[in-house]
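Report on the structure given below.
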């Protein structure tokens, strides 16, 4: 009798253990460590991209991940590892995938989201950005007034994909009035100005907010603490105005 009871108890224990193993196996299979952000962007629907930043990243710098452009239904689907993110929907009027958002472009608010497997459903509105118009080289009519030169590193080598920012006040604390297009392999820039005047210049490889650690940044100066003024005469392309950038530490 005791033998039969012992065998029965052993059978029950083994069944329970087998059940536990089975549950753990299912859990492991369903928890892949990845999830999806899915949903729809409205206002507008088409040609909007979702930009995903890891928590703590510069929200105006390169994104951790970018979705493909939405179709005419406004829907998106992007797979991400589990974690905390900040997402923003953007559509640039000229169709660029990257670069600063200016008046006339579409942009949503920054949205915090946690991915823990499965699907996170989102409905995002990306209204047109009004005001805060920045004038880029391509937005200014070609004229005989402007600035030209090179952006160089501390070794005197040309810097690729940097921009010159033009300010009209020495503090350079507000947004720039004019911004050049990105430099090519030779580090050269040319920016037209609508009028002559006194300007202050900075160059950097990222756009938006103050320079961050690791950014390339430099102001035009002649060995002074304060940035040096550049006086542009109407009808003159002042050159060469070279700017040296160094890494921010």
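Bear in mind these aren't lab numbers, they're just calculated from the coordinates by the rules spelled out. In this text the structure is predicted, and so the values were computed from the model without any measurement. A quick note on method: Cβ atoms are made from the backbone with ideal geometry, for glycine too, and the neighbour counts reach across all protein chains shown.
Summary table below
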| item | result |
| --- | --- |
| Bridge type composition, the range 135-247 - antiparallel percent by DSSP, nearest 5 | 80 percent |
| Shape parameters for the range 135-247, alpha-carbon atoms, Rg then Dmax in Å | 12.9, 39 |
| Calculated SAXS-style log₁₀ I(q)/I(0) at q = 0.14, 0.24, 0.25 Å⁻¹ - the range 34-125, Debye, Cα scatterers | -0.44, -1.30, -1.39 |
| Centroid-to-centroid separation of the range 188-245 and the range 83-97 [C-alpha atoms, Å] | 28 Å |
| Highest to lowest packing among 43-55, 113-125, scored as the average C-beta count within 10 Å | 43-55, 113-125 |
| By average C-beta atoms within 10 angstrom, highest first, the peptides 152-159, 196-203 | 196-203, 152-159 |
| Beta bridges per DSSP with both ends in the range 34-125, % antiparallel, nearest 5 | 75 percent |
